[in-house]
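Engineer: Please see the structure below; I have some questions.
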Amino acid sequence: MSGSLLPGQQLKQDMISSDFNVSPAPVREALRQLESDGLVEHFPNRGVFVADIKEDEALRLLLPIRLLLESYALQQIAGQVDEDLLAQLQIQIEIMQNAADDGDVARINAADARFHELAVEASGSTHAIQLWHSIAPRIRLQFSRLTPRQADLHHVAEEHEELLAVLRTGDTVRLDAVLEEHIVGISARLMGQEARSTEDDTILSA
C-alpha cells in the first residue's frame, strides 16, 4: 500500500519466510490475503507479483465505486455530525498538515484513509462499511501513487477541510459536488498531470 514495492515486482515466498523468520505457512496465508485485497496477483507456475491498478481502471471503476459508497455514507451524517466525530476528523486533518510540513507522504496517506474510514463508519451502514473496507487497500495504493504528484502536499489537508466544512452545514447537494471533486476530479487531474509531464519529456528529448 505504501508503493515501496513496484507493480510487477515478484514476491518470493522463501525470501519472505527468511526475512521474517517464519515458516512458509503464514507467508502463504498472508499472500492469499493480499491477493484478496487486490494488492498482489498470483500466476500459476510463475509466482506472486505486486498488482497494478491501471489509471483507466481507477477512473472508470475504483473511483466511481468509492464515490458511490462515500456519497451514500456521508449523506447519512451530513449536518448531524457529533462533536466527538468532528474532533476525530479534525485531528486527521491536523496530522495531514503536520505531515505535509515534514514532506511525509506515508503519514499524509494514513491520515487521509483514516478520515474517510471514520466518516463511513459513522454512517452506521453495515453494507457501506463492509464494502468500503473491501476496497480500502486499493484506495491506499492509489493514494501512494497520486499524493506525490500534488504540487503542494498541503493541498490534501485543505481538501479535507472543505469536505469537513460541508459536512457540518448539512448541504447534501454541495456535499455531493465537493465529494465528487475530491474523489474523482482531483485524481483525474493528477493522472493528467503525469501524462502531460511524460509527453513534455518526450518532446524535450526529441
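The values are calculated or read from the model by the stated rules, or taken from the named source; none is laboratory data. Just so we're clear, the structure is a prediction, and the values are computed from it rather than from any experiment. Positions of Cβ are backbone-derived with ideal geometry, glycine not excepted, and every protein chain shown enters the neighbour counts.
Engineer: Considering S123, S144, which residue is surrounded by fewer than 18 Cβ atoms within 10 Å (Cβ to Cβ) and either in contact (Cβ under 8 Å) with a residue 24 or more places away in the chain or more than 18 Å from L39 (Cβ to Cβ) (or both)? Step through it out loud before you land on a result.
Structural biologist: On the way: S123 fails: surrounded by fewer than 18 Cβ atoms within 10 Å (Cβ to Cβ).
Testing whether each residue is surrounded by fewer than 18 Cβ atoms within 10 Å (Cβ to Cβ) and either in contact (Cβ under 8 Å) with a residue 24 or more places away in the chain or more than 18 Å from L39 (Cβ to Cβ) (or both) leaves just S144.
Engineer: Only residues that are surrounded by 11 or more Cβ atoms within 10 Å (Cβ to Cβ), at positive phi and modelled with pLDDT under 90: list them for region 11-47, please.
Structural biologist: Selection gives G38 alone.
Engineer: If you don't mind, there's one more thing I want to ask. As an exercise: evaluate F143 against (1) among the aromatic types (F, W, Y); (2) modelled with pLDDT of 95 or more; (3) under 16 Å from the mean Cα position of the chain (by Cα) and give the number of the one condition it does not meet.
Structural biologist: So the condition that F143 fails would be (2).
Engineer: Taking the conditions exactly as written (under 30 Å from I16 (Cα atoms), surrounded by fewer than 17 Cβ atoms within 10 Å (Cβ to Cβ) and among the charged types (D, E, K, R)), does R107 satisfy them or not? Outline the logic, then answer.
Structural biologist: Values: under 30 Å from I16 (Cα atoms): yes; surrounded by fewer than 17 Cβ atoms within 10 Å (Cβ to Cβ): yes; among the charged types (D, E, K, R): yes.
The answer is yes for R107.
Engineer: Hey, can you tell me all the residues within region 146-176 that are within 18 Å of the chain's Cα centre (by Cα) and of a type in the set (S, T, Y)?
Structural biologist: Residue satisfying the conditions is T147 alone.
Engineer: Mind listing whichever residues of region 50-62 are at pLDDT 90 or above and touching a Pro at 6+ places or on another chain (Cβ under 8 Å)?
Structural biologist: Listed by number, the list holds a single entry, V50.
Engineer: While we're here: Within the bounds of region 123-137, is there any residue that is more than 18 Å from L63 (Cα to Cα) and hydrophobic (A, V, I, L, M, F, W, C)? Steps first, please.
Structural biologist: To start, the set of residues in region 123-137 that are more than 18 Å from L63 (Cα to Cα) comprises 123-126.
Then keep just the ones that are hydrophobic (A, V, I, L, M, F, W, C); that gives none.
Among the residues of region 123-137, not one is more than 18 Å from L63 (Cα to Cα) and hydrophobic (A, V, I, L, M, F, W, C), which makes the answer no.
Engineer: In this structure, is H42 within 21 Å of M1 (Cβ to Cβ) and assigned to a helix (DSSP H, G or I)? Don't jump to the end; show me each part of the working.
Structural biologist: Numbers: within 21 Å of M1 (Cβ to Cβ): yes; assigned to a helix (DSSP H, G or I): no.
No: the conditions fail for H42.
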